[in-house]
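Below is one structure, written out as structure tokens; the observations come after it.
Every read-out reported here was derived from the displayed coordinates using simple, explicitly stated rules and does not represent laboratory data. Because the structure is a prediction, the values reported are computed rather than measured. For neighbour counting, all protein chains shown are included, and Cβ atoms are generated from backbone atoms with ideal geometry for every residue, glycine included.
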Amino acid sequence: MILETIDSPADLRDLSTEQLAILAQEIREEMFRVVSKNGGHLGAGLGVVELTLALHRTFESPREKIVWDVGHQAYPHKLVTGRRERFETIRQLGGISGFLSREESAHDAFGAGHASTSISAALGMAVANELRGDRSPVVAVIGDGALTGGMAYEALNNAGQMTAPLIVVLNDNEMSISPNVGGLTKYLNRVRTNAHYNHLKGLTEDVLERLPAGDALVEIGRRVKDGAKEFFVHSMIWEELGFTYLGPVDGHDLPTLLETFAQAKGMLAEFHKPIFIHAVTVKGKGMDLAADPLQLNWHQMSPPGSKKPVAPKYQDVFAETLITLANKDERIVAITAAMAPGTSLHKFQAAHPKRFFDVGIAEQHAVTFAAGLACEGLRPVAAIYSTFLQRAFDQIVHDVCIQNLPVIFCMDRAGLVGDDGKTHQGVFDIAYLRPLPNMTLLAPKDENELQHMIATAVAHTSGPIAIRYPRGNGAGVEMDPEPTPIPIGQGETLREGGDIALIAAGTIVAVAQAAAAALAEEGIAATVINARSIKPLDEALILGAARRTGRVITLEEHAVKGGFGSAVLELLAREGVLVPTRTLGVPDTMITHAPPATQAEWCGLTVGHTVVAARELLGRAAPPVAADELAVAARHD
């Protein structure tokens, strides 16, 4: 296999174009083999194999930097940049990351797991090169889905007026996770499919190549080509922004890609102007897409072998509850930022298409758009992953909270998210939402409580409200027949005990309950409280439990600093209830990819850790181990 001989990008330069084509197929086969076993992103990477090979054949990474947007399209990049032998470990405990990581490889010029960052980062690197007197090119590879994010336009606007050695490659596959939306998509469709322009472009180039060289003819040729663009495509937005535009080119045609990248590199050396290359690719290239024409299932695969759970996913409970409520309330509208399948809002779209809005990868716009809807009396529900809502913090403060608008935020993937790793852990939302005046923040203990909290949020019209819930499946509890509002600021006592209080927020309530049961076997009686409302707290309930037991442990699947435990400590300090308290949560570190159970162990968020913390607060030693248990342990040593 050719792939087995590739240990660095330099090895690609010894291959013929025919060998590169064979290598492309081998890369696709290796990606499918590993991702089928480990899970992970597939479709985007399959679509950029030839693009990746041509880039690394033309540009000398890591000296000439290649910045990939998001990172889930960079699996082929990992395979040809010295990580082939470790590719088997991708997204596994101790293995390589499913996204980009500067810690992992010098070829990962910029770490990324969120979209629309590549052009800004690449421009910064290119300007740094220029300030050092170095004209080495920097390449940003961005998908048309990521190009719907406002940050990308800010970077393009800035870059077009500069002389830095920047090349932007648009990987245009008409997809992000869902089909792309908006005016840009329609524009790209016109460019991509305009047969007249592409025919004239090719004919013009062919004629000009036959003419004798000369500066005058070069200028005439440039004007003829520009005139063709203007006539057939009206106005090339990229050239209006200050870029030299090349394309559209077939992103799977290796000779054309190699020629185009070489041309761009030469133009950068001669002209001090950024270049924009438009490459048209197919997401999921090489796979049988007949059963999935929208290619949604090829975006990401789950590892095989797991039994289908009985309990529904939290995201499905959210969407189905919202549909039930919207059937009765025409004010309810749903908003997603290019994550309709990920939030299950595609179900809402099918039920209420006119009240569903996919704004693209544009969380900032999503939040202020929701604020505008709320101004006019609608009940906007913005379903955005916890880790992605971080990108819209200013809009939450400035456009929602200051004006006290009743926008509903449903934060999917709150808490630890397993193999998606550092960039996707939803463990900061309490800390960034709790300080905001007018904000209400809820967390359900299970899927049944989630449906009631969604009803609560829709009924809450006196300001913004946010609900955080995790990735994956619920606890399998019995569902009530109708979603019904519950009192805000009112927790519930699930178990009474006089020795210690375990106060939990969210689905980690189950850990608190299991820990209380284990403590009971040791003769320790624990109170278990499901907070339900993180802001406002049920102050009377929490203070009463703290005074009665004299010891408190808080549990949350969130950063300890600024989280739910911090809120409880603030309350106890304010009221002078100075009892020994332990806060269990995510420590002050970025949590890398691993199975969720392993991440919980790292963070001390297991039943065992809770039991140990309770013993320590009570000053009790672990119970003695029975003789038969010691014998069993000895046999396993």
Practice problem: Enumerate the residues in the range 447-476 having an amide nitrogen under 17 Å from the point lying 7 Å beyond the Cα of T324 toward its Cβ. | Solution: 447-460, 474-476
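Ranked from highest to lowest mean number of other Cβ atoms within 10 Å per residue, what is the order of the peptides 131-141, 86-96? Walk me through the numbers on the way to the answer.
Numbers: 131-141: 18.7, 86-96: 17.1.
Listed from highest to lowest mean packing, they are 131-141, 86-96.
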Quiz item: If you take the beta carbon distance between L93 and D588 as r and set R0 to 25 Å, what does 1/(1 + (r/R0)^6) give as a FRET efficiency, to the nearest 0.05?
Solution: 0.70
Self-check item: Neighbour-count order for K535, K328, K445, K561, fewest beta carbons within 10 angstrom listed first
Solution: K328, K561, K535, K445
Quiz prompt | DSSP-defined antiparallel bridges as percent of all bridges, the range 316-468, nearest 5 | solution = 5 percent
Quiz item: Once label points are set 7 Å from the Cα along Cα→Cβ at both R33 and Q19, what is their separation, rounded to one decimal in nm?
Solution: 2.0 nm
Practice problem: Two decimals is fine: what's Rg over Rh for the range 488-605, C-alpha atoms, Kirkwood radius as Rh? | Solution: 0.96
Practice problem: Once you've got the Cα coordinates, tell me which of K65/K265; K422/K535; K313/K535; K328/K535 are over 23 Å apart. | Solution: K422/K535; K313/K535; K328/K535
Exercise. Once you have all Cα-Cα distances for the range 316-468, histogram them in 10 Å bins from zero and send the whole-percent values.
Key: 12, 46, 37, 5, 0
Self-check item: Antiparallel DSSP beta bridges within the range 492-618, percent to nearest 5
Solution: 15 percent
Quiz item: If you stretched the chain out fully between Q403 and A350, how much longer would it get, using 0.36 nm times the residue separation minus the C-alpha to C-alpha distance?
Solution: 15.9 nm
Self-check item: Potential extension, M162-E492 segment - 0.36 nm per residue separation minus Cα distance
Solution: 112.9 nm
Quiz prompt | Gain on full stretching of the segment that runs from R102 to A517 - 0.36 nm per residue minus C-alpha separation | solution = 145.0 nm
Quiz item: Given labels modelled 7 Å from the Cα in the Cβ direction, how far is it in nm from K273 to D253?
Solution: 2.4 nm
Quiz item: For the range 422-475 and the range 545-602, what is the separation of their C-alpha centers, rounded to whole Å?
Solution: 18 Å
Quiz item: For the range 535-549, what does the Karplus curve 6.51 cos²θ - 1.76 cosθ + 1.60, with θ = phi - 60°, yield as ³J(HN,Hα) per residue in whole Hz, taken in order and with x for Gly and Pro?
Solution: 9, x, 6, 7, 5, 4, 5, 5, 5, x, 5, 5, 5, 6, 9
